[in-house]
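Working notes for the structure below.
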Amino acid sequence: MSYGAFIKIERKISDRDYYCRYGITNELFPIHIAAEHEALFSESLPEGTNPNACPFLRKNCNEAGFTCTVYPTRPHVCRDFHCYHMIIHNPEGAVCGRVSGRFDLKTTDENLIKLWKENVESIPRHDFTAWMQAVITVLSAHGYRGEPVE
């Protein structure tokens, strides 16, 4: 939401191709709008949009949240940044939680909150890969699905 202060469109090549500059390192990089997000990107930004938001981030039309319209070609600064470590789906397949920051669970699912407190909070966190696998195993055993975010 704040990368627009650092990622600037420098030149438009076509309707879906741009050259951008990362202001901190002065790196120039190509960006390509994903075909499935072309219409979303071409819409004007809604009033009240954060002026520091990335120029390629768009509010989802029919659901909560945002879409990165250039995700497959996003710059290194974005590839290295993780808003979430994991997205959690409930037994019906809907997203019901996210793990962010220092392994903090964000959810309104009371069963997931209880499961997390009873079975996940005690898992050692010194080895991220082992922790992630252990959490996925616990979630799976209770009908949830944990999806690591790369």
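Where a number appears in this text, it was derived from the coordinates with a stated rule and is not lab data. Remember, it's a predicted structure, so these values are computed and weren't measured experimentally. Quick reminder, even Gly has a Cβ in these numbers, built from the backbone with ideal geometry, and neighbours come from all protein chains shown.
Nearest 20 debye, what's the magnitude of the dipole of the chain about its Cα centre given +1 on Lys and Arg Cβ and -1 on Asp and Glu Cβ? Can you show the working numbers first?
Numbers: 16 positive and 19 negative charges, 73 e Å.
With Lys and Arg at +1 and Asp and Glu at -1, about 340 debye.
Would you mind telling me which residue in His32, His126, His85 has the biggest mean-square fluctuation in a Gaussian network model of the chain, where springs connect alpha carbons within a distance under 10 angstrom?
Evaluated over the chain, the most mobile residue of the options is His126.
Under a 5 Å amide H to amide H cut-off, with H placed in plane at 1.01 Å, what residues pair with Asp17 once short-range neighbours are removed?
Those lying under 5 Å, H to H, from Asp17 are Ile33.
Under a point-charge model restricted to the Cβ atoms of Lys and Arg (+1) and Asp and Glu (-1), what is the dipole moment magnitude of segment 84-148 relative to its Cα centre, in debye to the nearest 20? Numbers along the way, then the final one.
Details: 7 positive and 8 negative charges, 27 e Å.
The dipole magnitude comes to about 120 debye.
Provide the gained length on full extension for the span Arg79 to Ala134, in nm with one decimal, where the gain is 0.36 nm per separating residue minus the Cα-Cα distance. Provide the component values of the computation, followed by the final result.
On the way: separation 55, 0.36 × 55 = 19.80 nm, distance 2.44 nm.
Stretched fully, the Arg79-Ala134 segment lengthens by 17.4 nm.
Whole-Hz Karplus ³J(HN,Hα) for segment 87-93, in order, using 6.51 cos²θ - 1.76 cosθ + 1.60 and θ = phi - 60°, x for Gly and Pro?
Running phi through 6.51 cos²θ - 1.76 cosθ + 1.60 with θ = phi - 60° gives 10, 10, 9, 6, x, 7, x Hz.
Describe numerically, in nm with one decimal, the distance between label points set 7 Å from Cα along Cα→Cβ at Tyr19 and at Lys117.
My value for the distance between the label points is 5.6 nm.
Counting only other residues whose beta carbon sits under 14 Å from that of Arg145, what net charge do I get with K and R as +1, D and E as -1?
-2
Of Ile33, Pro55, Cys78, which is farthest on the positive side of the dipole of segment 3-79, counting Cα position, with +1 on Lys and Arg Cβ, -1 on Asp and Glu Cβ, and the Cα centre as origin?
Cys78
Which cross-chain or sequence-distant (5 or more) residues have an amide H under 5 Å from the amide H of Gly97, H modelled 1.01 Å from N in plane?
Ile88
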